[in-house]
Amino acid sequence: MRSALWPICLQDEGNLPRNGLAAGWLLADMALNIWALAIVKALGLGYPAFQLVFLRAGVGFLLMLPWIWRYRSAFVGLTDLRLHALRVGFSAIALTASFFAISRVPLALFTAVSFTRPILTMIAAAWLLREVITRDRWIAAVVGLVGVVIAVDPSSLTGGWGLAAQGLVVVAATGAVIATRKLVAAPTVVMMTFYTAGLAIITAPFAVVGWQPIPISQWPLLAAIGVFAQAAQFCFLRAHRFGQAGFLAVLSYASLVFSTTVGYLVFDELPQPGFWVGAILILAATNWIVLRRRPI
């Protein structure tokens, strides 16, 4: 019989890669996350990154309390606590650095640097997880990366400390993804609780020291960061429960479409002509790898 936690664990399905379903969850994650980052970009220079991360985690944890209580039995007899802690540590570094970077660099540059992560994730997945990355996926990853370089034209952009922080994001986020894959059998509620509570605990001391007063008018926007980001984290975990890290790494190139759309609509960042050439390559790479459903 399936356990009472089956709706949130989905352990039977998690053992068999289902990349089509994973693609849907990852696209939802990217759409939600880019809106959270857009709010951070709009407000970020007014608040320390640690304060923003703490608020994001605090709102997320409050949203989760009924879910945690309902499935409290999932926390009995937990294993791999060190791996959970490692994942939270990598995530705290990645999220804080990204909140610092996004408010200091153009959205296009933020996205461009982040697209070095899929290649790094695929290498780590092949090395540490022993995933078999097919030649098709390596080719698609390279094509997508070339498309990103053409689309954003990094030679015309500058970043300073924001760019350095985004480089740290790439390394730490890759570590968090690999740790997530290693914990694929853990219930989703456990993964999200460790992630959210861990972020709050790690950033709380730094947030208190550097706390900036928040006008009442901005509280709804800051709360929205937590809502969007927490929903995105749920979708991210579902994607990595069903799909393979190598497959999802290539598909993540599609987030350039989301970031460019939001950059134009919210920040009046009009894409250069070269963007459309790069975007065609990116979409071609992602569509090809999604449609070519070869068994691994």
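The values are calculated or read from the model by the stated rules, or taken from the named source; none is laboratory data. Because the structure is a prediction, the values reported are computed rather than measured. When we count neighbours, we look across all protein chains shown, and the Cβ atoms used for this are built from the backbone with ideal geometry, even at glycine. Ligands, DNA and RNA are stripped out before the accessible areas are found, and what is left, the full protein with its side chains, is counted by its heavy atoms. Shrake-Rupley method; radii C 1.70, N 1.55, O 1.52, S 1.80 Å.
Which one is least open to solvent (accessible area, probe 1.4 Å), of the residues in the range 22-71 that are in a loop (DSSP other than H, G, I, E, B) and either under 20 Å from I216 (Cβ atoms) or among the small types (G, A, S) (or both)? Checked the range 22-71; the qualifying residue least open to solvent (accessible area, probe 1.4 Å) is Y47. Against the test of being surrounded by fewer than 22 Cβ atoms within 10 Å (Cβ to Cβ) and either under 14 Å from the mean Cα position of the chain (by Cα) or modelled with pLDDT under 75 (or both), the options F258, F236 yield a single qualifying residue, F258. Only one of T180, T188 is in contact with a Cys (Cβ under 9 Å, 6 or more places away or on another chain) and not hydrophobic (A, V, I, L, M, F, W, C); which? One residue alone meets the criteria, T188.
Within the range 187-212, the set of residues being under 17 Å from A49 (Cβ atoms) and not in a helix (DSSP H, G or I) comprises G210, W211, Q212. Residues in the range 1-21 that are modelled with pLDDT under 50 and in a loop (DSSP other than H, G, I, E, B): M1, R2, S3, A4, L5, L10, N15, L16. Here the condition is being within 23 Å of T174 (Cβ to Cβ) and assigned to a helix (DSSP H, G or I); of S217, S252, it holds for S252 alone.
Being surrounded by fewer than 19 Cβ atoms within 10 Å (Cβ to Cβ), touching a Lys or Arg at 6+ places or on another chain (Cβ under 9 Å), at pLDDT 80 or above and not charged (D, E, K, R) is a condition met by no residue of the range 126-139. Quick one: would you say A74 is open to solvent by less than 70 Å² (accessible area, probe 1.4 Å), out of contact with any Gly (no Cβ under 9 Å at 6 or more places or on another chain) and within 19 Å of K182 (Cα to Cα)? Criteria met by A74.
The condition (being in a helix (DSSP H, G or I), at pLDDT below 80 and under 18 Å from the mean Cα position of the chain (by Cα)) is satisfied by just one residue among L86, L120: L120.
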